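Asks: Dumping the structure here so I can ask a few things about it.
The values are calculated or read from the model by the stated rules, or taken from the named source; none is laboratory data. Just so we're clear, the structure is a prediction, and the values are computed from it rather than from any experiment. Heads up, the Cβs are rebuilt from the backbone with ideal geometry, glycines too, and the neighbour counts pull from every protein chain shown. Side chains included, ligands, DNA and RNA excluded: accessible areas come from the protein's heavy atoms. Shrake-Rupley method; radii C 1.70, N 1.55, O 1.52, S 1.80 Å.
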Amino acid sequence: MAAEPIDFMALEPLLLDRLRATLPAHVHVLAARDLAGLTEGTQLTPAVHVLYRDYRPGRVPASGWEELDQLWLTVIAVRNVSTLATNEAVRADAGPLMGAVIGALGGWRPDLRGYKPLSLDGAPAAGYRAGFGYFPLGWRAPMRVRAACTGEP
């Protein structure tokens with residue numbers, strides 16, 4: 001019998017829902033589709049963008065299951081022009097929101113078959129521009145899926 005196909009992006013709406021349910025109401029939680037046409041002039045702040053990044057293959061046990069890690073980013077976007085030269089105010093605004101995102105997703109286990117709890121992973125460097133600060137947090141989402149070919153015809 002063929003393996004049931006999986007939705008490899010099924011975690012995205014769960015990440016969005018989890019953040020919307022746990023972060024303060026004034027924080028905009030946005031998906032990758034919300035980036036289309038976005039400029040700094042239209043960037044909502046404070047915001048958390050949820051983006052699929054990549055995956056890392058794991059091992060393939062003899063049982064026909066594959067283990068892999070999906071890699072996701074949450075990018076915190078804040079704006080504060082009071083200390084443009086040092087970006088100190090932007091970092092001060094970002095810090096508590098970064099902590100809240102870590103609190104919402106760190107160790108959280110999605111209600112999705114095959115997933116294990118999320119953990120922090122590497123992320124690109126923070127970026128600053130015209131009073132905006134962008135602070136990525138990387139997430140590793142271990143998952144286990146049934147291999148497509150189990151040796152049966």
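Asks: Test of understanding: what is the full-extension gain from W65 to T39, defined as 0.36 nm times their sequence separation minus their Cα-Cα distance?
Replies: So the extension gain works out to 5.1 nm.
Asks: Can you tell me the orientation of helix 88-105 relative to the chain, as the angle in degrees between its alpha-carbon axis and the longest Cα principal axis, to the nearest 10?
Replies: Around 30 degrees separate the two axes.
Asks: So with the 1.4 Å probe, I'd like the accessible area per residue for the chain, rounded to whole Å².
Replies: On the way: 8550 Å² over 153 residues.
With the other protein chains kept in place, the chain gives 56 Å² per residue.
Asks: Please give, to one decimal in nm, the separation of the simple spin-label points placed at R113 and L16, each 7 Å out from Cα toward the Cβ.
Replies: 2.3
Asks: Here's something else I'd like to know. Using only Cα atoms and rounding to the nearest 10 degrees, what angle (0 to 90) does helix 11-22 make with the longest principal axis of the chain?
Replies: 40
Asks: Give the peptides 107-118, 25-36, 86-97, 65-76 in descending order of average Cβ contacts within 10 Å, highest first.
Replies: Peptide ranking by packing, descending: 65-76, 86-97, 107-118, 25-36.
Asks: Toward the positive end of the charge dipole of region 1-123, about the Cα centre and with charges on Cβ (Lys, Arg +1; Asp, Glu -1), which of T83, G37, L112 goes farthest?
Replies: In region 1-123, that residue is T83.
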